[in-house]
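Q: Here it is, the structure in full.
The values are calculated or read from the model by the stated rules, or taken from the named source; none is laboratory data. Here the structure is a predicted model, which is why all the values come from computation and not from measurement. Note that each Cβ is placed from the backbone with ideal geometry, even for glycine, and that neighbours are counted across all protein chains shown.
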Amino acid sequence: MQLRPEKKVTNRSAGLLMYRVRKQRLEVFLVHPGGPFWAKKDLGAWSIPKGEFSEGEDPLETAKREFQEETGYAVFGYFTPLEPRKQPSGKIVHAWAVRGDCDPSKITSNTFEIEWPPHSGKRQKFPEIDRADWFPLDVAIWKILKGQVGFLEELRDLTRSAGTHRNDNE
């Protein structure tokens, strides 16, 4: 009898890349993960608000729900699908660009609980997102996780072709 190899389940996440144009410059809204592991990390640590979805779940609805859970803001508008990106971990992230605005100083995030410090027997709660901010695209490329840079590049190309922002080098 020949055994079939187990089918590897790839985790999938869905998120929203919110953007706006200020003084003819494209800005994107990114979030910083909460918890002790990320506390002192900045460059290459930020992300689009996102979360995992299961088979049968609508990825766009998941992206909207996760944005609201992680920031406290509901998002409405026209959602432009971006090319899914495989992360270094193997996870596939599906994303949509949406033009919008929100105040990063007023985010309210859901929380998670872990044993902290490790092996202490003590459980602590941390916000899933500890802060958020708007970044010009040239700064965001340095702030965002390496596996998500492609979303920013795709958004830049989409908005440039639509004429919604300018680049200082043009």
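Q: Among all residue pairs at least 6 apart or on different chains, which show Cβ distances below 8 Å where the first residue, located in the range 125-146, is within 11 Å of ALA45 (Cβ to Cβ) and the second is of a type in the set (S, T, N, Q)?
A: ASP130/SER109; ILE144/SER47; LEU145/SER47; LEU145/GLN87
Q: Could you grab me the full set of residues in the range 103-125 that are within 10 Å of GLY34 (Cα to Cα) and in contact with a Pro (Cβ under 7 Å, 6 or more places away or on another chain)?
A: SER109, THR111 - these are the residues of the range 103-125 that are within 10 Å of GLY34 (Cα to Cα) and in contact with a Pro (Cβ under 7 Å, 6 or more places away or on another chain).
Q: What residue, among those in the range 69-101 that are touching a Ser or Thr at 6+ places or on another chain (Cβ under 8 Å) and assigned to a loop (DSSP other than H, G, I, E, B), is surrounded by the fewest Cβ atoms within 10 Å (Cβ to Cβ)?
A: Looking at the filtered set, the residue picked out is GLY90.
Q: Looking at (1) modelled with pLDDT of 95 or more; (2) out of contact with any Asp or Glu (no Cβ under 7 Å at 6 or more places or on another chain); (3) surrounded by fewer than 20 Cβ atoms within 10 Å (Cβ to Cβ); (4) not hydrophobic (A, V, I, L, M, F, W, C), find the lone condition where GLU66 falls short.
A: For GLU66, the exception is condition (3).
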